[in-house]
Structures are given as structure tokens and as C-alpha cells.
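Student: Before we start, here is the structure in question, set down as C-alpha cells.
The values are calculated or read from the model by the stated rules, or taken from the named source; none is laboratory data. Predicted model only: the values in this text are computed from it and were never measured. Here the Cβ positions follow ideal geometry from the backbone for every residue, glycine too, while neighbour counts run over all protein chains shown. Quick note on the areas: whole protein, heavy atoms, side chains included, nothing else; ligands and nucleic acids left out. Shrake-Rupley method; radii C 1.70, N 1.55, O 1.52, S 1.80 Å.
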Amino acid sequence: MKLLIVLAFSGMGLFVFYLWIQARSLQQFDRKMLPLLAKLLRNPTLQPEHQRFLEALRERDQRLEEIKSKALNLGFTYAPSTVVRDRLLAHLALNPDDELGHERFVATFQKVDYLSDVSLLEALLQQSVESQTALAQERVELCLGKAIALSPSLMPTLRAYLFDTPITFGSARSFYSGVTKLFRLPVDQRQRLYNMTLELLRQNPRSVAARQLVLDVGRWHFGKSHDNGSPTLFDDERIRHDIQMATSSGQVIEPVAGLI
């Protein structure tokens, strides 16, 4: 019996080691992409280098799918190296509206299953505040959508994003996505996030997006205090009262299609 257990653990260890070796093979694509990114940083309009970068990504994605098919349900995941990440971000910091740079970023991260990279999210949120473009917002939504177990250290950046970008349904969704993925928040920090949304609504009492954000974050916050994770009728009534108080100086109106 002991021999069977030893053989089972040995086989599992060898399989995990095999997958680790396969995962390291993905680094070859980073080595292809880095010099291309360096050239594109100096000259963003180089179409041949851009196409070669995308081709390297397609090869990487094909290799990634092969590895995942062998990993079964062992939870294998992948994220680009920090060097690739930093060069993509550096390019977008200098060229926030560059559609080719945006395409490279999206193509690089769209195959990532999970993200817990606070440095990446901080940079994207800050770029969205600074540039306030649709492309920057799209990058925020992409990566926050893939985020899991984020550090509470992201809270100040999320706050700056909330108050320093125009309030839209897109930015509201991104803020909600970010705060609900902060890991192990105590009740006082959840309350602080809820208070942020109320302050935003006080500043924008006519914004339906801000009002919806208060409702979503409030129900998440109060629901966390209950074993089943759902807010009670009393909680919902409290949120409605808070919304009424925050909007008492202005009338909440329905948005014109396409403007909010």
C-alpha cells in the first residue's frame, strides 16, 4: 500500500514538473516580442514589427492551448512577463491613443485567465485618469474583468479613478469590478468604499450611473455582513435612504441614450 502511495505521489510530481517545463517554454515568445516592442516604442508606426509581434502572440496562444489541454483541471494559468508588461505600459503611457499599441496590449492579455497584478492595474487606472480616452477605459475593463484576489493597497488608485474620470456606466462597472475583487476587506474598509460612492453621487446627483453604483456597491457591502452573502430588506431600505439623502440637492434623471 505504501509503495502505491509513493508511486502515485511520484507520478504526480513528475507530471507537475513536466507542466512546469512546458510553461517555461512560453518564455521563448517573450524573447521574440521584446526587441519588437523596443522598436515600436521608438517608432509606433512600424507595421512590419507590429505584425510580427501579433504573429508571435498567435504562436504563444497556440502553445498555451496545447499546455492547458494537458494540464486538465490542475489550474494551470499564464500571465505575460513583467518585462513585456512594462514595455507595453510604457508605450501606452507615451501614446495613450495609439490604436496599434492598444491592439498589442489587448492581444497580449486577452488569453490570460486570471490577474492579480496590482502594479498592472494601478498603471492602467492611472493612465485612464490621465488620458480619459475610450481605449484606456477598454484596457481597464479588460484587466479588471480578469482580476482575482486583489490587494487592498489598490484602494487609493481606485478612488482616484472614481473621482478623476467622467462618471459613466463603463467607469462605474470598472470601479465595482475592482472593489468586489479586493481580498479580505474588513467591514470598515468596505464601508469606506461605499461612502466613496455616496460622495460621488452627492457630487453628481443627476447621474444615473452614480446612483446605480451606490446601489451595487451598497448591496455588495451589506451582503458581505451576512452568512448567505445577500443584503436584507433592511439593508436595501438603508441604501435607498442613503441615495435619497445624497440626491436631495438634485433631481435624478434618465440618461439620454449614448451620452452616459
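Student: Quick check on my filter: what residues within region 132-147 are free of Cβ contacts under 8 Å to residues at least 40 places away in the same chain and out of contact with any Gly (no Cβ under 8 Å at 6 or more places or on another chain)?
Tutor: Of everything in region 132-147, those that are free of Cβ contacts under 8 Å to residues at least 40 places away in the same chain and out of contact with any Gly (no Cβ under 8 Å at 6 or more places or on another chain) turn out to be Q132, T133, A134, L135, E138, V140, L142, C143, G145, K146.
Student: For region 74-131, give me every one of the helices (runs of 4 or more DSSP H) that falls completely inside it and has 1 or more residues that are buried (at least 16 other Cβ atoms within 10 Å of the Cβ), among the aromatic types (F, W, Y) and touching a residue at least 12 places away in the same chain (Cβ under 8 Å).
Tutor: Working: elements: 82-94, 99-109, 118-131.
Fully inside region 74-131 and qualifying: 99-109.
Student: With D188, D216, D227 as the choices, which residue is assigned to a helix (DSSP H, G or I), over 21 Å from the mean Cα position of the chain (by Cα) and free of Cβ contacts under 8 Å to residues at least 60 places away in the same chain? Quick ask: steps written out before the conclusion?
Tutor: Working: D216 fails: over 21 Å from the mean Cα position of the chain (by Cα); D227 fails: assigned to a helix (DSSP H, G or I).
Of the residues listed, the single one that is assigned to a helix (DSSP H, G or I), over 21 Å from the mean Cα position of the chain (by Cα) and free of Cβ contacts under 8 Å to residues at least 60 places away in the same chain is D188.
Student: OK, next. Based on this model, can you work out whether P156 counts as open to solvent by 50 Å² or more (accessible area, probe 1.4 Å), more than 18 Å from F222 (Cα to Cα) and not aromatic (F, W, Y)? Spell out the reasoning first.
Tutor: On the way: open to solvent by 50 Å² or more (accessible area, probe 1.4 Å): yes; more than 18 Å from F222 (Cα to Cα): yes; not aromatic (F, W, Y): yes.
So P156 passes the test.
Student: Could you tell me which residue of region 15-43 is modelled with the lowest pLDDT, considering only residues that are under 27 Å from the mean Cα position of the chain (by Cα) and not in a helix (DSSP H, G or I)? First the steps, then the outcome.
Tutor: Residues of region 15-43 under 27 Å from the mean Cα position of the chain (by Cα): 19-20, 22-38, 40-41.
Adding the requirement that they be not in a helix (DSSP H, G or I) leaves 25-26.
On the way: S25: 73, L26: 79.
Among those residues, the one meeting the criterion is S25.
Student: Considering each of T168, T180 in turn, give the residue that is open to solvent by 20 Å² or more (accessible area, probe 1.4 Å), in contact (Cβ under 8 Å) with a residue 60 or more places away in the chain and hydroxyl-bearing (S, T, Y).
Tutor: Values: T180 fails: in contact (Cβ under 8 Å) with a residue 60 or more places away in the chain.
Being open to solvent by 20 Å² or more (accessible area, probe 1.4 Å), in contact (Cβ under 8 Å) with a residue 60 or more places away in the chain and hydroxyl-bearing (S, T, Y) holds for just one of T168, T180, which is T168.
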